[in-house]
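**Student:** Here it is: the structure, laid out below.
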Amino acid sequence: MISQPSRHCTVELQALPSRIGQVRRIISAQLRYWHLDPLIDQAALGVTELLTNVHRHAEPDKMCTVDIELLLDRLTVSVQDNDPRLPTVRDSDALDTSGRGLGLIAAVSECWGVHPRGDLGKAVWFTLSAPSAAVALPVHPIVHGATTEGPFTAAPPVAPEHIAVPSTVSG
């Protein structure tokens, strides 16, 4: 039996350099919302490496989905893309400026792997151990609307459970 419900967040984007920083901020905000502040640096580093791999290597396009899920005491971060080619770990030294991404992910995570999805692409994932204090936090439902009467005209709050990053930004 699962004693705690899962917490899940999905971000859909085109893996361009300008988007990677946005996704890092979204992931960081979501982990703060879940009271998982100790995991922010590791998760942000891992998602940056995975998105950079999509940007550099994925074909036919750079569209991808980032999923983070907290289930019991494990945070799983995955990036799915449309390229069926599986990544490979390269031997590299500390001074190399590329080719170290999966090695870094292996170093900061408990485990990592690749889930092939045939012609639909693949998902590359890694897990982090969640602090027990964060896992024990109760899940509070979001209340839409006011509990008292008054002139409240603002839109109801939206939890960052599913966020799509637009493919173009004007301005």
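The values are calculated or read from the model by the stated rules, or taken from the named source; none is laboratory data. Predicted model only: the values in this text are computed from it and were never measured. Cβ atoms come from the backbone with ideal geometry, glycine included; neighbour counts cover every protein chain shown. The accessibility values were calculated without ligands, DNA or RNA, using every heavy atom of the protein model including side chains. Shrake-Rupley method; radii C 1.70, N 1.55, O 1.52, S 1.80 Å.
**Student:** Modelled with pLDDT under 95, open to solvent by less than 50 Å² (accessible area, probe 1.4 Å) and under 11 Å from the mean Cα position of the chain (by Cα), is that true of residue 11?
**Tutor:** yes
**Student:** Sort out which residues of the stretch 20-75 are in contact with a strand residue (DSSP E or B) (Cβ under 8 Å, 6 or more places away or on another chain), open to solvent by 30 Å² or more (accessible area, probe 1.4 Å) and either assigned to a helix (DSSP H, G or I) or closer than 14 Å to residue 109 by Cα (or both), and write them in order of number.
**Tutor:** 22, 26, 42, 53, 73, 74
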